[in-house]
Amino acid sequence: MKKIGILSDTHSYWDPKYLHYFEPCDEIWHAGDIGSLEVAEKLAEFRPFRAVCGNCDGGDLRLMYHELNRFRCENVDVLIKHIGGYPGHYDPSVRRLLYASPPQLFIAGHSHILRIKYDKTLNLLHINPGAAGMQGWHPERTLVILTIEGNKFADCEVITLGR
């Protein structure tokens with residue numbers, strides 16, 4: 001069993017609450033627009049860290065993190081991409097891959113809109129954790145904690161950090 005802390009769109013903003021809420025997590029996954037190397041380093045020092053670069057990430061972050069990150073966690077096939085869309089409206093940059101070889105868990109950021117939805121067509125769980133940073137139009141900053149047991153999702157918790 002693994003407990004995963006998921007966030008996106010920090011845009012260089014650091015909040016010590018990230019570590020508080022991710023304390024019970026085994027890993028932290030960031031769905032892009034990290035914004036600064038410092039944010040990535042603080043999260044990576046705290047827990048094993050996986051990330052993708054977002055459209056606002058440049059320089060060292062683009063060298064360290066790719067646009068796509070596909071891996072296995074427990075017995076779940078996971079795909080993370082910053083600009084991914086959502087079920088029924090996947091972004092053209094990832095649509096073909098999703099339909100040809102759907103993961104069981106697809107995580108995307110970019111929209112700053114928290115959305116957790118099961119895609120019955122592709123048999124996958126889609127998570128957009130919303131935005132954890134201050135930059136953007138989102139009414140609340142959010143994080144997600146997901147528990148994966150074998151090939152099942154056991155728990156999914158949304159944490160609101162306020163504006």
- [ ] Within the range 3-19, count every residue that is of a type outside the set (F, W, Y), farther than 12 Å from V144 by Cβ, touching a residue at least 40 places away in the same chain (Cβ under 8 Å) and part of a loop (DSSP other than H, G, I, E, B).
- [x] 5
Open item on the list: For the range 37-92, which positions are assigned to a loop (DSSP other than H, G, I, E, B), touching a residue at least 60 places away in the same chain (Cβ under 8 Å) and open to solvent by less than 80 Å² (accessible area, probe 1.4 Å)?
Closed with: E74, H82
TODO: Evaluate the following for M134: is it out of contact with any strand residue (DSSP E or B) (no Cβ under 6 Å at 6 or more places or on another chain), at pLDDT 95 or above, among the aliphatic types (A, V, I, L, M) and under 19 Å from G32 (Cα atoms)?
DONE: no
TODO: Scan the range 93-133 for residues that are open to solvent by 20 Å² or more (accessible area, probe 1.4 Å), in contact (Cβ under 8 Å) with a residue 40 or more places away in the chain and either assigned to a loop (DSSP other than H, G, I, E, B) or among the acidic types (D, E) (or both) and report the count.
DONE: 2
TODO: Would you check if G32 is part of a loop (DSSP other than H, G, I, E, B) and closer than 21 Å to T160 by Cα?
DONE: yes
- [ ] Take the range 20-29 and flag every residue that is part of a loop (DSSP other than H, G, I, E, B) and open to solvent by less than 80 Å² (accessible area, probe 1.4 Å).
- [x] P24, C25, D26
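The values are calculated or read from the model by the stated rules, or taken from the named source; none is laboratory data. All values derive from a computational prediction rather than experimental measurement. Don't worry about glycine lacking a Cβ; one is built from the backbone with ideal geometry, like all the others, and counts go over all protein chains shown. Quick note on the areas: whole protein, heavy atoms, side chains included, nothing else; ligands and nucleic acids left out. Shrake-Rupley method; radii C 1.70, N 1.55, O 1.52, S 1.80 Å.
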